[in-house]
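Data first, discussion second: the structure below is written as structure tokens.
The values are calculated or read from the model by the stated rules, or taken from the named source; none is laboratory data. Since the structure is predicted, the reported quantities are computational estimates derived from the model, not experimental observations. Positions of Cβ are generated from backbone atoms using ideal geometry, with glycine treated the same way; all protein chains shown enter the neighbour counts. All accessible areas refer to the heavy atoms of the entire protein, side chains included, with ligands and DNA or RNA removed. Shrake-Rupley method; radii C 1.70, N 1.55, O 1.52, S 1.80 Å.
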Amino acid sequence: TKVLFRKNSKVIVKPNDKEFYAALNLENVKNVKVYFANLEGARFQHQSTKGERGMGIYIVHSEDLYFYKPTIKKFWGDGLYIGKLEGKTSKNIEIDGAFIDENRRNGISIIAGENVKINNSVIANTYGTIPEYGIDLEPNKPQDELTNINIENTVTYNNSKGGVLFALDNLQGLPSKPVTVKIKNHIDYYSEKGVEFYADRGYQKFVQPLKGKITVDGLSLLHNKTPLINNQSQRTGIELILSNISANNIKVNSNKLNNFAEKLKTGKEEIIR
């Protein structure tokens, strides 16, 4: 299926009191391309205070999807959600040139995905209910996975709690697949935190340390209260590789970066300002 939004077309969500909905729902589909999607939620006209899952684009149990220059604004929950349903992880998903703005929960939530690419996108002004991040990589359960997730040439801007969050607590209880995430040439402006890591947020759930690799190459953090933070947690087996990182236009030296990466493994808090 190929879907083309013409120049002046827009899908506008009617005000409602639903705790869960999606303007564009992709569940158990394959081989879909969507061009210039223009989606607008009704977060400011929502008729209830309950719930947080009114989504712009909701992807579960699907594969081989491509989105070119979607605009996703003002949703009660996430602008874009990628996850798992009925035991099937969404895979081979590419988001190219997205503009995601003023959503309530997260700009993008990646709960479970394999071969996910987010390129040349802007995620801005997320606020309203936690987590309130531009991009949140946060599995729901041990059976979820973050495999070959690539975020490149993307900007997070003025998101209430932070630009990018790794919250890996729920990959616990079973031997999970290794985490593999790469971030390249990313910029955050004005979010409270630039990039934040939680191995377990103190829940101490892990039966065994997580495994995998997170690579961040080319990260510019500007006007953040806390540019880069690793929170106290359990020991983890995830390898963190950091290079070409700057905070407020000052390059962070390799010794600081290596120390930060080591603290992720040992579960000690570390902050780079």
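Numerical summary
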{"read-out": "Any hit, region 202-209, residues being open to solvent by 10 Å² or more (accessible area, probe 1.4 Å) and at pLDDT 95 or above", "value": "no"}
{"read-out": "Filter pass, Asn125 being of a type in the set (S, T, N, Q), within 18 Å of Leu39 (Cβ to Cβ) and buried (at least 24 other Cβ atoms within 10 Å of the Cβ)", "value": "no"}
{"read-out": "Region 240-269: number of residues that are closer than 21 Å to Tyr157 by Cα, open to solvent by less than 40 Å² (accessible area, probe 1.4 Å) and out of contact with any strand residue (DSSP E or B) (no Cβ under 7 Å at 6 or more places or on another chain)", "value": "0"}
{"read-out": "Every residue from region 222-239 that is surrounded by fewer than 19 Cβ atoms within 10 Å (Cβ to Cβ) and at pLDDT 90 or above", "value": "Leu222, His223, Lys225, Thr226, Glu239"}
{"read-out": "Candidates Lys69, Lys2 - the one that is open to solvent by 70 Å² or more (accessible area, probe 1.4 Å) and more than 20 Å from the chain's Cα centre (by Cα)", "value": "Lys2"}
{"read-out": "Only listed residue being modelled with pLDDT of 95 or more, open to solvent by less than 40 Å² (accessible area, probe 1.4 Å) and among the polar types (S, T, N, Q), chosen from Asn28, Asn119, Asn92", "value": "Asn119"}
{"read-out": "In region 5-23, residue most open to solvent (accessible area, probe 1.4 Å) [restricted to those that are over 14 Å from Ala42 (Cα atoms) and either part of a strand (DSSP E or B) or at pLDDT 95 or above (or both)]", "value": "Arg6"}
